[in-house]
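Single-structure report; data block below.
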Ligand code: CP
Ligand code: NVA
């Protein structure tokens, strides 16, 4: 078992960072984006990247980001490592910790991530589980800072599934205190324990009426109706999410200067219309780029000893 006094910590969920730490993390990511940050804190270090699910952005941004910080990244899919043939997560964690300086994992059950972190002696980063997708929401917040200056005092709307993205938005509202309005079809609500905790510090509403959630919103967010691992439910979900497409008519209810975000991959004609995602309010390409900058900041801190001040 790892020593509880180990000098690093993991990034499994947004509340792993304090509110001031998140502010400093965004500033560090912004220095990385502008080119002002030229240090190589991962020099001589290696990141293991375990992908039990597919990925374009997470895989490429972590691999490129590690390289840009002077380190090396290993892509490990279940086809390549014994984890895919049933080797226990705990054993994988203990063995990888003898070779690498950090582990990023994308997997299904959130408890598998917790178990990996429990047995690893090196920092563990959540690259998406069925419950949470924290790196993405930090990239989204960085995009809001880029285009709206701040998330403070803004109304953020979530239109769609109460999934890993929605749950991480709730965690962000818990830490940063902005207003969050979610619209989810009946039976697709986000995790209740996260909702209850966030509601102790800020306004988080859940409605079955997308127009109510989007009214006056400064940021409009959606995601696929069928997440990875739910492919068998595609047909049922298409029916259950009727009326949840973020299209131009829906966007009319948001603030006039609202921006549209989507973590991607997107299904045009399902959760979002082409004219919205490819239109003037969309910031999805900056959002995808910001994955690189925020993850570099996270790795510089967790693996590279960069201080958050
Ligand atoms: N948004 C996101 O995490 O994309 P990938 O699934 O391509 O990594
Ligand atoms: N909710 C989606 C996000 C993909 C980045 C999924 O889990 O598949």
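The residue that is farthest from residue 283 (Cα to Cα), among those in segment 217-239 that are in a loop (DSSP other than H, G, I, E, B) and more than 16 Å from ligand 1 (Cβ to nearest atom), is 217. When only residues in segment 107-138 that are more than 14 Å from ligand 2 (Cβ to nearest atom) and part of a strand (DSSP E or B) count, which is nearest to residue 20 (Cα to Cα)? By that ranking, first place goes to 125. Within segment 160-201, the only residue that satisfies the criterion of being within 13 Å of ligand 2 (Cβ to nearest atom), farther than 23 Å from residue 150 by Cα and in contact with a helix residue (DSSP H, G or I) (Cβ under 6 Å, 6 or more places away or on another chain) is 190. The single condition from (1) within 16 Å of ligand 2 (Cβ to nearest atom); (2) part of a helix (DSSP H, G or I); (3) within 15 Å of residue 297 (Cα to Cα) that residue 104 fails is (2). Taking the listed residues 138, 142, 128, the one that is in contact (Cβ under 8 Å) with a residue 60 or more places away in the chain, surrounded by 20 or more Cβ atoms within 10 Å (Cβ to Cβ), within 16 Å of ligand 1 (Cβ to nearest atom) and within 20 Å of residue 197 (Cβ to Cβ) is 138, with no other qualifying. Here residue 85 meets each of (1) at pLDDT 95 or above; (2) more than 16 Å from ligand 1 (Cβ to nearest atom) with one exception, condition (1). Being closer than 30 Å to residue 10 by Cα, surrounded by 13 or more Cβ atoms within 10 Å (Cβ to Cβ) and more than 16 Å from ligand 1 (Cβ to nearest atom) is a property that holds for residue 308. Of the residues making up segment 60-78, those that are within 16 Å of ligand 2 (Cβ to nearest atom), out of contact with any strand residue (DSSP E or B) (no Cβ under 6 Å at 6 or more places or on another chain) and touching a residue at least 40 places away in the same chain (Cβ under 8 Å) number 1.
Among the numbered conditions (1) exposed (fewer than 15 other Cβ atoms within 10 Å of the Cβ); (2) in a helix (DSSP H, G or I); (3) more than 16 Å from ligand 1 (Cβ to nearest atom), tell me where residue 242 comes up short. Going through (1) exposed (fewer than 15 other Cβ atoms within 10 Å of the Cβ); (2) in a helix (DSSP H, G or I); (3) more than 16 Å from ligand 1 (Cβ to nearest atom) one by one, residue 242 breaks only (2).
Put simply, of 73, 93 the only residue that is surrounded by 21 or more Cβ atoms within 10 Å (Cβ to Cβ) and under 23 Å from residue 288 (Cβ atoms) is 73. Taking interchain pairs and intrachain pairs at least six residues apart, which have beta carbon atoms under 7 angstrom, with the first residue in segment 1-29 and farther than 18 Å from residue 103 by Cα and the second modelled with pLDDT under 95 and surrounded by 14 or more Cβ atoms within 10 Å (Cβ to Cβ)? Between residues of segment 1-29 that are farther than 18 Å from residue 103 by Cα and residues that are modelled with pLDDT under 95 and surrounded by 14 or more Cβ atoms within 10 Å (Cβ to Cβ), the close pairs are 21/308; 24/308; 25/308.
Criterion first (within 16 Å of ligand 2 (Cβ to nearest atom) and on the phi > 0 side of the Ramachandran plot) does residue 264 satisfy it? Criteria met by residue 264. All of (1) over 22 Å from residue 132 (Cβ atoms); (2) in a loop (DSSP other than H, G, I, E, B); (3) within 16 Å of ligand 1 (Cβ to nearest atom) hold for residue 54 with one exception: (1). When restricted to residues that are out of contact with any helix residue (DSSP H, G or I) (no Cβ under 7 Å at 6 or more places or on another chain) and either within 21 Å of residue 136 (Cβ to Cβ) or in a loop (DSSP other than H, G, I, E, B) (or both), segment 271-284 contains 5.
The values are calculated or read from the model by the stated rules, or taken from the named source; none is laboratory data. Not measured: the values here are computed from a predicted model. A quick note on method: Cβ atoms are made from the backbone with ideal geometry, for glycine too, and the neighbour counts reach across all protein chains shown.
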